[in-house]
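Trainee: Shown below is the structure under consideration.
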Amino acid sequence: STGSNTAPNGIAIDSAGNVYVTLYNTDKVAKITPNGTVSAAWGSTGAAPYGITVDPAGNVYVANSSANTVSRITTAGESAVAWASTGAGTMPRGIVADAAGNVFTANYGTGNVTKIAPDPAAAPTALTATAGDGSVSVAFTAGADNGWAITNYEYSIDNGASWIARSPASAASPIVITGLTNGTDYAIKLRAVNSGGDGTASSAVSATPLATPGAPTGLAATVGDRSVSIAFTAGASNGAAITNYAYSLDD
C-alpha cells in the first residue's frame, strides 16, 4: 500500500524491477521493490505529480500537472522538484524519456508536447600535464555529469579553437595525446561528452613535448699533452635546450 489518501496516479518500472508510483495528493513518489517493500516517501515532486517515467540510467522523471514542471529523482531518491519547466505547455500529464536522455511531456492544458534535452556535463578540473616524447599525458578530475553518464572526452591542443574526440572512447583519467611536435608549446583543454552533447570546456593547461637529445655526430679528436679535444656537431635537442654534455673514456 502507498498509504491512505495518497491518490496514486502514474506508474513506471525500471530495469531492475522496481516500481515507481506518483502520489498525487502528497507530492511524493513511492518506490516498491521486487520483494514488495514500499517506501511511500521515496522522492519529492512538484505540485500534483501525474505521469512518471524512468530513463536507461534509472533516473525517475515526474510531470507535475499543477506546477508545469518536471521533477528529476536520482536512483538514490535525491530530488530536484523543479528540474525543468514545460515552458508554454501547461498541465503536463504524460511523460516519457528516450534512450538519449531526452524527456517529453504531453501537456493536457495546451494540447502540445514539450521536449526537454539532457544537460551537458560540467567542465573537468585540476588538469595536470606531463610532457613526453611527442606526447602529453593530461590527468584531470571529472566535472559533474548532470545526470547523464560521461561517455567520452574531447581535447583541444589550440586553446579551444578546434576539438578532437578521444579514441577509443573512455571516461578515465589521464588522457594521452600523441602525434605532437617536440619543442612546441600546446595550450590543452578538455571537455566531457554525455547524452547532452559537448560539456563545458576546462581551463587550459600548457605543455611542451620533449625527448632526450639526439647523438652528437662528426666527432673529430685532436690530441694534446695528456689531453684530447673533441669537436662535434650537436644532435637534435628534441624540444628542450641542451645544457651540458657527458663523455666516456671507455667506449
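Values in this text are rule-based calculations from the coordinates and carry no lab data. Just so it is clear, the structure is predicted and the values come from calculations on it, not from any experiment. With ideal geometry, Cβ positions are generated from the backbone for all residues, glycine too; neighbour counts draw on all protein chains shown.
Trainee: So what is the relative contact order of region 148-251, in percent, for Cα pairs below 8 Å that sit 6 or more residues apart? Numbers along the way, then the final one.
Mentor: Details: 175 pairs, mean separation 23.5, N = 104.
Value for region 148-251: 23 percent.
Trainee: Report the Stokes-Einstein translational diffusion coefficient (µm² s⁻¹, integer) for the chain, Rh taken as the Kirkwood radius over Cα pairs, at 10 °C with viscosity 1.306 mPa s. It would help to have the intermediate numbers written out before the result.
Mentor: Details: Rh = 22.4 Å.
It comes out at roughly 71 µm²/s.
Trainee: Once a ≥ b ≥ c are taken as the square roots of the eigenvalues of the Cα gyration tensor of region 1-99, is the result rounded (a/c under 1.5), prolate (a/b larger than b/c) or oblate (a/b not larger than b/c)? Spell out each step's value before the answer.
Mentor: Details: a/c = 1.89, a/b = 1.27, b/c = 1.49.
Cα axes put region 1-99 in the oblate bin.
Trainee: Report the calculated FRET efficiency for A41 and V176 (r = Cβ-Cβ distance, R0 = 41 Å), to the nearest 0.05. Can you show the working numbers first?
Mentor: On the way: r = 47 Å, r/R0 = 1.16.
The formula returns an efficiency of 0.30 here.
Trainee: What full-extension length gain, to one decimal in nm, is calculated for A161 and A187 as 0.36 nm per residue of separation minus the Cα-Cα distance? Could the numbers behind the result be given before it?
Mentor: Numbers: separation 26, 0.36 × 26 = 9.36 nm, distance 1.03 nm.
So the chain would gain 8.3 nm between A161 and A187.
Trainee: Could you give me the percent of Cα pairs per 5 Å distance bin for region 80-154, shortest bin first, beginning at zero and ending with the bin that holds the maximum distance?
Mentor: Final binned percentages: 3, 12, 17, 16, 12, 10, 8, 7, 5, 4, 3, 2, 0.
Trainee: So how do 51-63, 221-233 stack up, highest first, on mean other-Cβ count within 10 Å? Numbers along the way, then the final one.
Mentor: On the way: 51-63: 22.8, 221-233: 8.5.
In decreasing order of mean packing, 51-63, 221-233 become 51-63, 221-233.
Trainee: Given contacts defined as C-alpha pairs under 8 Å and at least six residues apart, what's the relative contact order of the chain, whole-number percent? Numbers along the way, then the final one.
Mentor: Working: 659 pairs, mean separation 27.5, N = 251.
Dividing the mean separation by the residue count of the chain yields 11 percent.
Trainee: By the scheme Lys and Arg +1, Asp and Glu -1, what is the net charge of all other residues having a beta-carbon under 14 Å from that of P124?
Mentor: Numbers: positive: R166, K189, R191; negative: D145, E154, D198.
With Lys, Arg at +1 and Asp, Glu at -1, the neighbours total 0.
Trainee: Okay, moving on. Using mean Cβ contacts within 10 Å as the protection proxy, how do 79-88, 239-248, 17-26 order, highest first? Could the numbers behind the result be given before it?
Mentor: Values: 79-88: 17.4, 239-248: 9.3, 17-26: 19.4.
Packing proxy ranking, top to bottom: 17-26, 79-88, 239-248.
Trainee: Could I ask something else about it? Farthest toward the dipole's positive end in the chain, which of A240, T22, V70, given Cβ charges of +1 (Lys, Arg) and -1 (Asp, Glu) about the Cα centre?
Mentor: T22
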